[in-house]
Amino acid sequence: MPQLMIAFTILLTVGAYLLSKALYLRYRHPLLNIVLLGAAIVIATLLALNIPYQSYLPGRRIMTSLLGPATVGLAVPLYRQRSLLRRYAPAIVAGVSLGSLASMLVAGLIALVAGLPREVVPSVLPKSVTIPFAVEIARIHGGSPGLASAFVVATGTLGSVFGGTLLTWAGIKDPVARGLAMGTGAHGQGTAMAFMEGEQQGSMAGLAMTLAGITTASIAPLMVRLLLRH
Amino acid sequence: MGRRNPACEDVWRGWGLPSQSRFTLERVAAPPEAFVKKKLRFLGQVALLAGIYLLGNKIAAFVHLPVPGNVVGIILLYALLNLGVVPLEYVQDAADFLLRHLVFFFIPVAVDLMNWGGVFYRYGLALALAILVSTILTFLGTGYIAQWLQKDEKPCPN
């Protein structure tokens, strides 16, 4: 019964989400990542019940159908913060562009030099942007959405655990600069940490997160051509 | 923490720290027709967001842009909001709700990882290095240039 399997996989995923979210809200530790924890619960259950990945796909399609509209909704906070956007335009534009470029170039070069397979390189390029962008950027350029999401979470975890310390150590004290670095370098997870530092850092991080997604998506075609030409 | 800006706090929180959805007394005690109307309005907002998303996809495909349709959709909605074609009230309830639960949609995507165990096993070290070095350089690059451009700016009171 395919309908039953779809219902089961959706219920399983919702349950995994609620469970990992409850755990995160209880302990609030950056290593307790909702995405990885939730996916691990789902994968472990599928493996234990001997359900192949192919049977998860119809449910996955239904669940991710709202991801696109939700992502478009990111324009709403961007619009609400338009006065901040105008006020700090030079720092935002320069910081986000440089950061996005550095992220892709360095990750891509290391991946290339290390001899990673061709479909892995485009998946690692969008590692600093939030998952809905990263998944699409990877897919357009021949990468894997699943791998891209794992690299995004790894980056976000790293950035949210050590990012603040790194910035302080480097003498970056300006709250606007700190927020921009956290949002550009570690997307939503960095934004959550920035909000713990303060309102200003958090708002800047949120702006940087969306803008870094747009910037990375726009530079990625050039970067792929540069790194993966025949 | 200084002064709070309620308009941004609630929304930004959604990306990393999903707050529990709040059931207020008014929401439970509202008359049924108002409840249905509210739900319908919410669905209409979701439909509008979905329409803009699909339009973004169509535009990207039509112009052969190598940019994802959701990126085109965001720019489109931002432009429509700024031009006043779409008032904020037409989309904000649905957008806030979906963004609060954005993390949920990432889980089914990450389940794809069950096919990729071998890559981590074989290339784990190189991947870790690529992610570590590029993340450090991104933080420093963005932080330094933004701080340098901010140095003439008077610090914000809050």
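Any read-out appearing in this document is the output of simple, stated calculations on the displayed coordinates, not a laboratory observation. Keep in mind it's a predicted model, so treat the numbers as computed, not measured. Glycine also receives a Cβ, built like all others from the backbone with ideal geometry; neighbour counts cover every protein chain displayed.
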### Task
Using label points projected 7 Å from each Cα along Cα→Cβ, tell me how many nm separate B:Trp148 and A:Val161, to one decimal.
3.1
### Entries of A:Lys127/A:Lys173; A:Lys21/A:Lys127; A:Lys127/B:Lys37; A:Lys21/B:Lys38 with Cα pairs more than 30 Å apart
A:Lys127/B:Lys37
### Query
Sorted from largest down, what three extents in whole angstroms do the Cα atoms of region A:1-85 have along their principal axes?
53, 30, 15
### Query
Counting other C-beta atoms within 10 Å, which of B:Tyr53, B:Tyr121 has the fewest, and how do the rest follow?
B:Tyr121, B:Tyr53
### Task
Pop the C-beta distance of A:Val93 and A:Leu32 into the FRET formula with R0 = 45 Å and round what comes out to the nearest 0.05.
0.85
### Query
Along the charge dipole of the protein assembly as shown, Cβ charges K/R +1 and D/E -1, which of B:Ala146, B:Leu99, B:His64 sits furthest on the positive end?
B:Leu99
### Query
Treating the beta-carbon of each Lys and Arg as +1 and of each Asp and Glu as -1, no other charges, what is the dipole magnitude of the protein assembly as shown about its Cα centre, to the nearest 20 debye?
120
### Task
Run through all the Cα pairs of region A:150-216 and give the fraction in each 10 Å bin from 0, expressed as whole percent.
27, 58, 15, 0
### Task
Could you point to the residue in A:Trp169, A:His141, A:Leu125 farthest towards the positive end of region A:71-192's charge dipole, with +1 and -1 charges on the Cβ of Lys/Arg and Asp/Glu respectively?
A:Trp169
#### Entry: P(r) histogram, all alpha-carbon pairs of region A:93-230 included - 5 Å bins from 0, percent
2, 13, 22, 24, 18, 12, 7, 3, 0, 0
### Message
As I understand it, the value is the acute angle between the Cα axis of helix A:2-27 and the longest principal axis of the Cα atoms of chain A; what does it come to in degrees, rounded to 10?
### Response
40
### Message
Counting pairwise Cα distances across chain A, what percent come out greater than 25 angstrom?
### Response
45
#### Entry: Over chain A: helical MRE at 222 nm, DSSP H runs n ≥ 4 each giving -39500 (n - 2.57), nearest 500
-27000 deg cm²/dmol
### Viscosity 1.306 mPa s, 10 °C: Kirkwood-radius Stokes-Einstein D of the protein assembly as shown over Cα pairs, µm²/s
75
### Query
Given a Förster distance of 22 angstrom, what is the FRET efficiency for B:Leu125 paired with A:Leu228, based on the Cβ-Cβ distance and rounded to 0.05?
0.55
